[in-house]
Amino acid sequence: MPEKREGTPMENVSMPHLPVREDWLALREEAPIEPARPIVDPHHHLWERPGALYLFHDLLRDVSKRNILATIYIQCRSMHRKDGPPELAPVGEVTFAAGAAAMAESGHYGPCHVCAGIVGNADLTLGAGVERVLDAMEAAGGGRLRGIRYPMAKSGDTAIIGSVVDPAPGLMAEPVVAEAVRKLGPRGLVLDTWSFQSQLDDLLTLVDRAPETTIVVDHVGGVMGIGSYAGRREELFPVWREKMERLAARPNTRVKLGGLAMHSVGFGFEARDLPPSSEDLAAAWRPYIETCIELWGVGRAMYESNFPVDKGQVSYANLWNAFFRLSSGASEAEKDALFRRTAAETYRLQA
């Protein structure tokens, strides 16, 4: 597959996420566990793509099933500007997310502060030049910008697609990218990183080059279980764990607990006649979730929905039920950290 800069859609590839089948999900919809538990959902998207629509009201229908205080919008290449300098095109996505936040803040749609924080997309290969983009995004976000995510997930396996764009390989190890990431910390912005488990050494290099910037490891480090990784979960788990342990040892890292319902992870729940129960999910995800909590501690780990991507395998209610099952032995303070406090602190929310 030819290399392309971020921002260029890939040609002749399928979408990297599963289709959402609401009728299938409805076949096994559970009552919520701990329905009053306050939650901050630190990872979701809004988009309008061919055959895939997930906008403000779609998210509202999902979050209404839990006591979601606030959400963090994560870039997904939605509503980039058509005109103007290419490096400022992603400012349009921040404007779009800020509009959703303003709708939620009106109070007409319930108590959840949708898109209370926004993680935008900026070309980190600009190095120090990224500051011009950050200035524009901070203005467009109306005080809601909390970080940047630049798609860098590349598996090396054509069966495993990380994004609707194809990044150049080795981006996280490029010094110019670290130069840009170092500009985030002084502004109070985090770097969200979506990478695969095969890229964790490069991610560690980036973490060490930007020690004053908080770097969030999305989706438990990008576990893979399809293509050339199929049938190798037991073999590769210790390798993944060792690399995650080194990342967790860096105090400027955080980890998101989720993303395990993506097709690339390979659990295959989407192929069943019935959607998975929360017990099914907890059993499958336990080794990864418990390892991350062990390594990072509850003060640096947070549950995430990764919706609508994970919605290809699980409903919003069942997803959070699985997390509650995985946390059944935690104390009240530990649960509050995993479900609310760590996310609120990481993204500077009053929630």
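Looking only at LEU126, LEU53, LEU184, which one moves most when the chain is put into a Gaussian network model with springs between Cα atoms under 10 Å? Fluctuation is largest for LEU53.
In the context of the full protein assembly, HIS113 retains an accessible surface of approximately 90 Å², using a probe radius of 1.4 Å and ignoring ligands and nucleic acids. The residues of the chain have, on average, 38 Å² of accessible surface per residue, using a 1.4 Å probe with all protein chains present. Given contacts defined as C-alpha pairs under 8 Å and at least six residues apart, what's the relative contact order of the chain, whole-number percent? Contact order relative to length: 21 percent. Considering the chain as a Gaussian network with a 10 Å cut-off on Cα pairs, which listed residue, ARG146, ARG132, ARG325, attains the greatest mean-square fluctuation? Largest GNM mean-square fluctuation: ARG132. Helical content alone sets the calculated 222 nm signal of the chain at -9500 deg cm²/dmol, taking -39,500 (n - 2.57) per DSSP H segment of four or more residues and averaging over every residue. Between ARG81 and ARG21, residue separation times 0.36 nm minus the direct Cα-Cα distance comes to 18.6 nm. Place +1 on the Cβ of every Lys and Arg and -1 on the Cβ of every Asp and Glu in segment 208-276, take the dipole about the Cα centre, and give the residue among MET244, HIS219, GLY259 whose Cα lies farthest towards its positive end. So the residue furthest toward the plus end is MET244.
Largest first, how would LEU295, LEU25 line up by accessible area (1.4 Å probe)? Present the calculation step by step, with values, prior to reporting the outcome.
Values: LEU295 35, LEU25 5 Å².
Output order, biggest surface exposure first: LEU295, LEU25.
Counting only protein heavy atoms and a probe of 1.4 Å, the accessible surface of the chain is 52% carbon and sulfur. Here the 3J(HN,Hα) profile of segment 82-98, calculated from phi with Karplus coefficients 6.51, -1.76 and 1.60 at θ = phi - 60°, is 7, 10, x, x, x, 5, 9, 4, x, 4, x, 5, 5, 4, 4, 5, 5 Hz, Gly and Pro shown as x. Based on Cα contacts under 8 Å between residues 6+ apart, segment 172-314 shows a relative contact order of 24 percent. For segment 18-96 and segment 172-213, compute the distance between their C-alpha centroids and round to whole Å. Cα centroid to Cα centroid, the span is 25 Å.
What trypsin sites (Lys or Arg not before Pro) does segment 12-77 have in DSSP loop regions with at most 15 other beta carbons within 10 Å? It would help to have the intermediate numbers written out before the result.
Details: sites: ARG21, ARG28, ARG61, LYS65, ARG66, ARG77; in loops: ARG21, LYS65, ARG66, ARG77.
Those satisfying the criteria are ARG21.
Given the choices [x] 51, 49, 42; [y] 90, 47, 41; [z] 64, 50, 33, Cα extents along the principal axes in Å derived from the coordinates of this structure is entry [x]. Taking 7 Å steps out from each Cα toward its Cβ at ALA333 and ASP157 produces label points 4.1 nm apart. Amide hydrogen proximity for GLY266: with H placed 1.01 Å from N in the peptide plane, the residues at 5 or more positions away or on another chain lying under 5 Å are GLY225. Summarising the amide proton neighbourhood of ARG146: residues at separation of 5 or more, or on other chains, whose placed amide H is nearer than 5 Å comprise ILE118, VAL119, GLY120. For the chain, modelled as a GNM whose springs connect Cα atoms under 10 angstrom apart, the maximal fluctuation among LEU124, LEU46, LEU88 occurs at LEU88.
For TRP47, the residues 5 or more places off, or on other chains, whose built amide H falls under 5 Å of its own are TYR54, LEU55.
Leaving ligands, DNA and RNA out of it, rank LYS183, LYS82, LYS311, LYS243 by accessible area with a 1.4 Å probe, largest first. Please report the intermediate quantities before stating the final value.
On the way: LYS183 65, LYS82 190, LYS311 10, LYS243 40 Å².
Ranked from most to least accessible, the order is LYS82, LYS183, LYS243, LYS311.
In terms of the ratio Rg/(2.2 N^0.38 Å) built on C-alpha atoms, what value belongs to segment 244-337? Don't skip to the answer; put the middle values down first.
Details: Rg = 13.4 Å, N = 94, 2.2 N^0.38 = 12.4 Å.
Rounded to two decimals, the normalised Rg is 1.09.
The values are calculated or read from the model by the stated rules, or taken from the named source; none is laboratory data. Keep in mind that what you see is a predicted model, and the values were worked out from it rather than measured. Note that each Cβ is placed from the backbone with ideal geometry, even for glycine, and that neighbours are counted across all protein chains shown. With ligands, DNA and RNA removed, areas are computed over all heavy atoms of the protein, side chains included. Shrake-Rupley method; radii C 1.70, N 1.55, O 1.52, S 1.80 Å.
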